[in-house]
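Read the structure below first, then the notes.
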Amino acid sequence: MTKYAAIRELHRLKVFIIISLGQFVSIVGSGLTSFALDLWVYQQTGSVTQYALIGLFNLVPPILISPIAGAFVDRWDRRWTMIISDFVAALATLFIALLFFTSRLQVWYICAAISVISVCNLFQRLASTTATTLLVPKKHLGRASGILQIGESITELFIPALAGILVLTIQLQGIFLIDFITYFFSLATLLIVKFPKLKTTAKTTKSDQGIGSLISDLVYSWNYTIKYPGLLGLLLYFAITNFIIGTISILLIPMLLTFVSSATAGSILSIGGIGTLVGSLLMGIWGGPKRSIYGILGFGMLLGVCIFSGGLRPSTTLITASIFGGLFCFTLIAGCSEALLLRKVAPDVQGRVFALMGMITSSSVPLAYLLAGPLADYVFEPLLANGGLLAGSVGSIIGVGKGRGIGLLFIVLGILQITATIYSYLYPHLKKLDPG
C-alpha cells in the first residue's frame, strides 16, 4: 500500500468513526424518547393492547416500505439521505412534544409519529450501512459491523434503566429536550464530513440506462437476489431465525413471571442482555472468521442449543445463561452476515438489495407476534397443564404447570433452529456464496 493510499484509508476510517459516534448519540436520544412514550401510554391508558400498538406501528411501516426505500437510497447521496432522515425524525418528535405541552397528546398521534420516525430510521440505517462499504476497507468490514453493534448493544442494555430514572427526575419534557440535542449532534457530525464518490459497476449502469423507473429498480433488486441461490437460501435461514427469536421475545417474560417476580425477571433480562454487548465487542475486535458463512452457521447452531436449554427447567441460572448465550450468538450471526453481504453485493445497488433482503427476513417477525400467544395459550400450555396430554411423559422431564408449555415451545423452537442450521450447512450453494 502506498503512503497516499494509507492516508486516504485512515481518513475514511476517521469519517466512519465520527459518523458512528453521531449515530450512537442519536440512537440514545431516540431510545429514551421511545421508552418514555411507551411508559406514558401505559400509564395514561392502562391498556396492554394500546401499549402493544405502539410496537406494531414501529415495526410494520419499515417492512412495508423497505424495497422502495432501498431504491431511493441507491439513487440519492448517502450523506444527505442520513441528514434528511434525521431532520424529518426530529420534526416528528417535535410534533409529539408540542401536543404533549398543549395537553393534546393521544395514542393515535403517537402511532402516526412513531410510524414516520421508524421509516426515517429505515432510510438512516440503509444509508449508514451502505456507506460503510465506501468508508471501510473490505478486510475491516467485520470489525466495522461489530463497532456499530456495540453502540446498539449499549443502548439496549442501559436505556430502560436510564429512561426510568429520567422520567422520574426531568419527566417527559426533559427527555424531549435530550432527544433534540442528540438529533442536532448527529446532524452536526454529518455536516462536517464528506463521503467518497460512489463508483457504479458496468452491470448496474447498463441496467439503469435500460430501465430507470422505480418499479424497474424493485424488479432489478429481486432479480439480483434470486440470481444467487445461496443468497436466497441465506435469507430463508434468517427468516426462520427471526421467526424463532420473535416468538421467544413475546413469550419469555410471561414464562419467567410464572416462577419469579417482575424485579427478578428484569434482572435476568439485564444480565442475559450483556451477551449482546460481549458479542459486539468480540466482533469489533475479531472481525469474524475469514469465511463469514461458517460464523453464521456455527453461531446459529449454538443459538439453537441456547434456545433448547432455556426451555428445559424453570431455573433462573439456566435461563439467564441461555439468554446470555443466545444474544451473544445472535449478535455474532448479525455481524458475520452484514460483513458477508457488504462484501458480496455491489456498493451501488446495496440500498435496494439490502432493503429487499430486510423485508424478506423481517416479514416473519409480525407472523411470530401473531402466532406466539395462540400457540402458547391454546396448544402448548394445555399439553403440560396438570392432567394434560403430555404431563405424564414430557412433563416428567421438564415439569408441569403454568409456564411449562412455553418451555416446551422453546425446546421445539431450539430444535427447529438446529435443524434449519444443519440443512443450511448441507445446502451446497450457501458455501459457494462465501468461498473465502
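The values are calculated or read from the model by the stated rules, or taken from the named source; none is laboratory data. Note that this is a predicted model, so its numbers are computed, not measured. Neighbour counts run over all protein chains shown; Cβ positions are idealised from the backbone, glycine included.
Which of the residues belonging to region 233-245 are out of contact with any Ser or Thr (no Cβ under 6 Å at 6 or more places or on another chain) and more than 13 Å from Gln417 (Cα to Cα)?
Gly233, Leu234
Just name the residue that is farthest from Ile411 (Cα to Cα) out of those in region 384-394 that are buried (at least 18 other Cβ atoms within 10 Å of the Cβ) and within 35 Å of the chain's Cα centre (by Cα).
Among those that are buried (at least 18 other Cβ atoms within 10 Å of the Cβ) and within 35 Å of the chain's Cα centre (by Cα), it is Leu384.
Scanning for something touching a residue at least 12 places away in the same chain (Cβ under 8 Å) and surrounded by fewer than 18 Cβ atoms within 10 Å (Cβ to Cβ), does region 370-378 turn up at least one residue?
Yes, region 370-378 contains at least one residue that is touching a residue at least 12 places away in the same chain (Cβ under 8 Å) and surrounded by fewer than 18 Cβ atoms within 10 Å (Cβ to Cβ).
Out of curiosity, is Leu409 touching a helix residue (DSSP H, G or I) at 6+ places or on another chain (Cβ under 8 Å), more than 16 Å from Leu256 (Cα to Cα) and assigned to a helix (DSSP H, G or I)?
no
Scan region 156-163 and give yes if some residue there is under 17 Å from Leu342 (Cβ atoms), modelled with pLDDT under 90 and surrounded by fewer than 20 Cβ atoms within 10 Å (Cβ to Cβ), otherwise no.
No, every residue in region 156-163 fails to be under 17 Å from Leu342 (Cβ atoms), modelled with pLDDT under 90 and surrounded by fewer than 20 Cβ atoms within 10 Å (Cβ to Cβ).
Does Arg143 qualify as being under 26 Å from Leu281 (Cα atoms) and without any contact (Cβ under 8 Å) to a residue 24 or more places away in the chain?
no
With Val88, Val73 as the choices, which residue is more than 16 Å from the chain's Cα centre (by Cα), of a type in the set (Val, Ile, Thr) and surrounded by fewer than 18 Cβ atoms within 10 Å (Cβ to Cβ)?
Criteria check complete, one pass: Val88.
Give the residue, chosen from Leu269, Leu251, that is of a type in the set (A, V, I, L, M), more than 18 Å from Leu408 (Cβ to Cβ), assigned by TED's automatic domain parsing to the domain that holds Leu408 and in contact (Cβ under 8 Å) with a residue 40 or more places away in the chain.
From the options Leu269, Leu251, the qualifying one is Leu269.
Return the residues of region 398-415 that are in contact (Cβ under 8 Å) with a residue 24 or more places away in the chain and buried (at least 18 other Cβ atoms within 10 Å of the Cβ); say none if nothing qualifies.
Ile398, Gly403, Arg404, Gly405, Ile406, Gly407, Leu408, Leu409, Phe410, Ile411, Leu413, Gly414
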